[in-house]
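Peer 1: One structure, pasted below without further comment.
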Amino acid sequence: MKLKSIIIIILFLFSKQLFSQNKFNFYVKDSVQNQNLIGVTATVISKKITTISNSNGMVNFTNLPNGNIKISLSYVGYITKLVNFNLPLGDTSIIITLEQAADKIEEEVIVTSSRTNSRIEDLPTKVEVIGSEEVGEENGIKPGNIASLLGDVAGIQIQQSSATTANADARVQGLPGKYTQILRDGLPLFGGYSGSFSILQIPPSDLKQIEIIKGATSTLYGGGAIAGIINLVSKSPKLNKPEHAITINQSTLKESNLNFYFANRKNNVGYTLFSGSTYQKQVDVNNDGLSDVPNLKTYFFHPKLFYYPNKNKTFTVGYNLTYENRKGGDMQVLQNKSTSIHQFFIKNTSVRNNIDATFENKINQNDRLTVKGTSSFFNRKIATNIFGMNAKQTSYFTEISYLKKLLKHNIVGGVNFSGEVFTKTLPDSSNYANTNQQTIGSFIQDDYKINSKLTAQAGFRFDHTNLYGNFALPRLSVLYKINTNFTTRLGGGLGYKTPSQFATEVDERDYGKVYPSTLINAEKSKGINWDINFKKVNNGWHYTINQMFYITEITEPVIFATYGLGNIYNFNASKPTNSKGFETYIAATHNELEMYFGYTYTNAKQLYNTKYPNVSLSARNKFATVIAYEFTDDFRAGIEAAYTGKQFLDDGSKTKPYLFAAAMIRYNINNTSLV
């Protein structure tokens, strides 16, 4: 063979080897939980070629040359990793694991309120979670309801709306409780005629966690979520891990509680069962002759059945019964010692029957279909020394939604239908009207992961109501992961609330004087929240600092006013209600020591009232702090304190600020806890 031909053959073989192109892919997973990591940034250092892992955690490269390559893998919250490969590798399946950075301190928290079942740190919308440990601890302190537990959260004020029967609502960011939607597993629970009792009829031992979103969330959950939502997430059974819990409580404030909780799952069938009762005797704390704590009898019964046809499908059906007899007023009347002078009392007897069902089908790793619905039948009888009323309210809600997870998008959309029927029982002397309100809505939301640090969330809802017309509700939020220590979120949107004939600010004795108007418009709102969050680990200390700012404005707010001979009318105000302020949250933990400090500043104004512009019973300043230490696995102690600043009353006067303080000791003996 001639020399020229040999050289040509050698050059051809060399060039073929040099310019060989390879398709190369591998999977990236969490080193501990073995979960696929979506959005990991992978860079071939020598070629400066970059891509990100898809929804299966797979990194895919094309057109890579033969030979040794070095790839950098980076992901926020994880340690950056360098890996070497010698191409070609053939059809080998490769899995690479990343380790969480030291400052990724909290265990992964999955929230359902986002509708995408995402990790809390990946959401553009700020979601606060009261976890199972805090809920369980509250069961040992206040097993009757979750009011005091929510009151510990910065930005939430539990405001007693009745001095005699202790009815209360949760005020979020300075706005009255009617602007916050209470959900149970994503299903609306309370409103209208039944709205006064919400958080007072929910024991903690039946809950897994509580999720809180502050600010405009009507895009996902429709009307009534102007100030935010509180989603109560129920417990679910664990496979082959039966649970049994009994709570017995007696307080010096004459409260007695007895609660039972059982749960178990074997194979494809499981159940949870909660049953409990609360008995509270009336107490006059300040010796003014009127009850500060009412006479209360409450019974709960909540069984729930779980069926798992296969690993991808879940069907649940539950029934919830709540009976309550709540009576307050003159102490002599409550002791059956009425006289011509001592006559005042207010009594509410209510029965709630609730049925709910949910079907969830994980079609594949990225798609999920959810169908759920609930019906609630609520009967409430009101008796006072001057007025009585008996009525019922039927509420229903059904929804179908679909979640699709793509490489850079989490898209969820759905439609829902809800209604509320109020009917008086005759004979009746009130001026309330029977109502039948229906709403059909559709929504869509996209969480777009622009890159490993920036995620944008855009959503839109359209609702049609038979009484108040149409509502278009856009919402936009952005999450930016500045680095492993700092993240920031900015979001805002529109909201609305349809008017109700009933308001917590109206005393039941005055129900006979209320003349509801049929010429009222729905309230509309716009709001914006911005927060910046810092997390760090240093010498065993875990630090968290969060600073949030917010503003919400409600146009045409529905207000109640008294005219003439004491008659009460409701109408739309000509100017808005405005609430703005900020929240500061600081937490630190070190081994078994936990410390927390929170401060909330709220400036809530009713701009339509030039004489008394401050929103009643909305504290301008609120401080809260908790210190707890677990000495051993069986011994834990803690103290907490809260300061609530001055509040304005309807007549413009101010209340005195007050301090609340408490101490708790818990000691475990085998399977029993003494608190």
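The values are calculated or read from the model by the stated rules, or taken from the named source; none is laboratory data. Bear in mind that the values here come from a model prediction, so they are computed numbers and not experimental data. Cβ: placed from backbone, ideal geometry, glycine included. Neighbour counts: every protein chain shown. We work out accessible area using only protein heavy atoms, side chains counted, and drop any ligands, DNA or RNA first. Shrake-Rupley method; radii C 1.70, N 1.55, O 1.52, S 1.80 Å.
Rundown of residues vs (1) open to solvent by 50 Å² or more (accessible area, probe 1.4 Å); (2) within 22 Å of Asp507 (Cβ to Cβ); (3) outside any strand (DSSP E or B), yes/no style:
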{"site": "Tyr323", "(1), (2), (3)": "yes, no, no"}
{"site": "Gly328", "(1), (2), (3)": "no, yes, no"}
{"site": "Val333", "(1), (2), (3)": "no, yes, yes"}
{"site": "Ser338", "(1), (2), (3)": "yes, yes, yes"}
{"site": "Asp356", "(1), (2), (3)": "no, no, no"}
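Peer 1: List pairs: first in segment 234-255 and at positive phi, second exposed (fewer than 13 other Cβ atoms within 10 Å of the Cβ), Cβ under 7 Å, 6+ apart or cross-chain?
Peer 2: Within 7 Å, the pairs are Asn240/Lys266.
Peer 1: Name the one entry in His244, His302 that is part of a strand (DSSP E or B), open to solvent by less than 20 Å² (accessible area, probe 1.4 Å) and either acidic (Asp, Glu) or under 28 Å from Met664 (Cβ atoms) (or both). Steps first, please.
Peer 2: Working: His244 fails: open to solvent by less than 20 Å² (accessible area, probe 1.4 Å).
Within the list His244, His302, the selection yields His302.
Peer 1: Failed condition for Asn310, given (1) open to solvent by 40 Å² or more (accessible area, probe 1.4 Å); (2) modelled with pLDDT of 95 or more; (3) under 25 Å from Thr116 (Cβ atoms), with all others met?
Peer 2: (2)
Peer 1: So which strands (runs of 3 or more DSSP E) are wholly in segment 605-675 and hold at least 1 residues that are at pLDDT 90 or above, farther than 20 Å from Leu150 by Cα and open to solvent by 70 Å² or more (accessible area, probe 1.4 Å)?
Peer 2: Hits in segment 605-675: 621-630, 658-669.
Peer 1: Which residue pairs have Cβ atoms closer than 6 Å, lie 6 or more positions apart in sequence or on different chains, and pair a first residue in segment 47-71 that is more than 23 Å from Ile450 (Cβ to Cβ) and without any contact (Cβ under 8 Å) to a residue 60 or more places away in the chain with a second residue that is assigned to a loop (DSSP other than H, G, I, E, B) and hydrophobic (A, V, I, L, M, F, W, C)?
Peer 2: Within 6 Å, the pairs are Lys70/Ile45.
Peer 1: State which residue is farthest from Thr298 (Cα to Cα) when the search covers only segment 253-267 and only residues that are crowded, with 17+ Cβ neighbours inside 10 Å and of a type in the set (D, E, K, R). It would help to see each step written out before you state the result.
Peer 2: Of segment 253-267, the ones crowded, with 17+ Cβ neighbours inside 10 Å are 255, 257, 259, 261, 263-265.
Filter again for of a type in the set (D, E, K, R), leaving 255, 265.
Working: Glu255: 11, Arg265: 29 Å.
For segment 253-267, the residue satisfying everything is Arg265.
Peer 1: Got a sec? Which of Phe534, Phe462, Phe549 is within 27 Å of Gly39 (Cα to Cα) and among the hydrophobic types (A, V, I, L, M, F, W, C)?
Peer 2: Phe534
Peer 1: What are the residues in segment 545-559 that are farther than 17 Å from Phe582 by Cβ and among the β-branched types (Val, Ile, Thr), if any?
Peer 2: Scanning segment 545-559 gives Ile554, Thr555, Val558, Ile559.
Peer 1: Here is a follow-up. Report yes if Leu519 is assigned to a strand (DSSP E or B), at negative phi and surrounded by fewer than 21 Cβ atoms within 10 Å (Cβ to Cβ), otherwise no. Spell out how you get there, then give the answer.
Peer 2: On the way: assigned to a strand (DSSP E or B): no; at negative phi: yes; surrounded by fewer than 21 Cβ atoms within 10 Å (Cβ to Cβ): yes.
The answer is no for Leu519.
Peer 1: Write out, first by first residue and then by second, each pair whose Cβ atoms fall under 6 Å of each other, whose residues are 6+ apart or on separate chains, and whose first residue, in segment 642-658, is farther than 10 Å from Asn614 by Cβ while the second is of a type in the set (Phe, Trp, Tyr) and open to solvent by 50 Å² or more (accessible area, probe 1.4 Å).
Peer 2: So the pair list comes out as Ala642/Phe660; Tyr643/Phe623; Thr644/Tyr658.
Peer 1: What residue, among those in segment 363-391 that are under 23 Å from the mean Cα position of the chain (by Cα) and of a type outside the set (Val, Ile, Thr), is nearest to Thr165 (Cα to Cα)? If you could, list the steps in order and put the result at the bottom.
Peer 2: First, pick out the residues of segment 363-391 that are under 23 Å from the mean Cα position of the chain (by Cα): 368-376.
When the remaining residues are screened for being of a type outside the set (Val, Ile, Thr), the result is 368-369, 372-373, 375-376.
Working: Arg368: 44, Leu369: 43, Lys372: 34, Gly373: 32, Ser375: 27, Ser376: 24 Å.
Applying the filter and picking the extreme gives Ser376.
Peer 1: Something else about it: From the residues in segment 220-239 that are crowded, with 24+ Cβ neighbours inside 10 Å and β-branched (Val, Ile, Thr), which one is nearest to Gln280 (Cα to Cα)?
Peer 2: This residue is Ile230.
Peer 1: Within the set of pairs 6+ apart or on separate chains, which have a first residue in segment 322-340 that is basic (Lys, Arg), a second that is open to solvent by less than 60 Å² (accessible area, probe 1.4 Å) and assigned to a strand (DSSP E or B), and C-beta atoms under 6 Å apart?
Peer 2: Going by the 6 Å Cβ cut-off, the qualifying pairs are Arg326/Leu296; Arg326/Asn348; Lys327/Asn295.
Peer 1: Restricting to segment 551-587, count the residues that are outside any strand (DSSP E or B) and either among the charged types (D, E, K, R) or in contact (Cβ under 8 Å) with a residue 24 or more places away in the chain (or both).
Peer 2: 7
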